[in-house]
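Beneath this line is the structure, given in structure tokens, with notes to follow.
The values are calculated or read from the model by the stated rules, or taken from the named source; none is laboratory data. Owing to the predicted nature of the structure, the values given are computational and were not obtained by experimental measurement. Positions of Cβ are generated from backbone atoms using ideal geometry, with glycine treated the same way; all protein chains shown enter the neighbour counts. Note: accessible area is taken over every heavy atom of the protein model, side chains too, but ligands, DNA and RNA are not part of it. Shrake-Rupley method; radii C 1.70, N 1.55, O 1.52, S 1.80 Å.
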Amino acid sequence: MRIWTSEHTFQHPWETVVNAAWQKYPNPITQSVVGVDIVDRYVDRNGVLKTHRLLSTSWGLQPWVTRIVGIDRTCFASEISEVDPRSKRMTLQTRNLTFCNIVSIDENLTYCPDPKDKSSTLLKQEAIVNVKGIPLSSYLEGILTDTISNNAGKGRQAMEWVIGKLKGEAKDLTEEAKKCMDSVLPTNHSTATSL
């Protein structure tokens, strides 16, 4: 069994980062996630948004690893998330469903305001990798852990890409709304001359 952990601070408010997390896939940086389906979503009586999603992924492992493990197609993972707007905490727990009798990967992510800077968001990640019942289990766990670490870096880049895209869309909408308002409302000059 291998345990991998990481922390990263996004220089964006919690609300912005959580919004981007929901819209992270698809993106051009982390192309390993090829599909996302919502299985269940509801808000509980405490105002916490709970979601169960099914992720379709391509692990992107070396061909010789895929032959040993038997992974040569799209793989699936279950993601359970909770967003608590009161405590400003988003948690995601992901577990692979494909080949879980040989390889188990349990990943936990937590997004919360950075205690040192409330205008930033702290991401804590942990992955527990366990390969069993095949030769070179420990070696394969190391390869999978390295892949997770590499993909986590790409995931952070993807979040920044999504945040940039969302900010661009908001700017475009603001400009379009201003144009509409300018065309509908009289300008101060025309109002002054009519008085």
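Quick notes
- Filter result for ARG45 (modelled with pLDDT of 95 or more and surrounded by 14 or more Cβ atoms within 10 Å (Cβ to Cβ)): no
- Criterion: under 18 Å from the mean Cα position of the chain (by Cα) and under 16 Å from ARG95 (Cα atoms) - qualifying residue of ASN151, ASN130: ASN151
- Just one of the listed residues (LEU144, LEU166, LEU122) is in contact with a Cys (Cβ under 8 Å, 6 or more places away or on another chain) and either open to solvent by 30 Å² or more (accessible area, probe 1.4 Å) or touching a residue at least 40 places away in the same chain (Cβ under 8 Å) (or both), and it is LEU122.
- Screening GLU15 against (1) open to solvent by 50 Å² or more (accessible area, probe 1.4 Å); (2) at pLDDT 95 or above; (3) within 14 Å of LYS165 (Cα to Cα) leaves a single unmet condition, (3).
- When VAL18 is tested against the conditions (1) over 13 Å from the mean Cα position of the chain (by Cα); (2) under 19 Å from TYR111 (Cα atoms), the lone failure is (1).
- Taking the stretch 82-106 as the range and being open to solvent by 50 Å² or more (accessible area, probe 1.4 Å), at pLDDT 95 or above and either under 21 Å from ASP37 (Cα atoms) or part of a loop (DSSP other than H, G, I, E, B) (or both) as the test, the residues that pass are GLU82, PRO85, ARG86, SER87, LYS88, GLN93, ARG95.
- For the stretch 130-145, the condition of being over 22 Å from LEU49 (Cα atoms) and part of a strand (DSSP E or B) holds for at least one residue.
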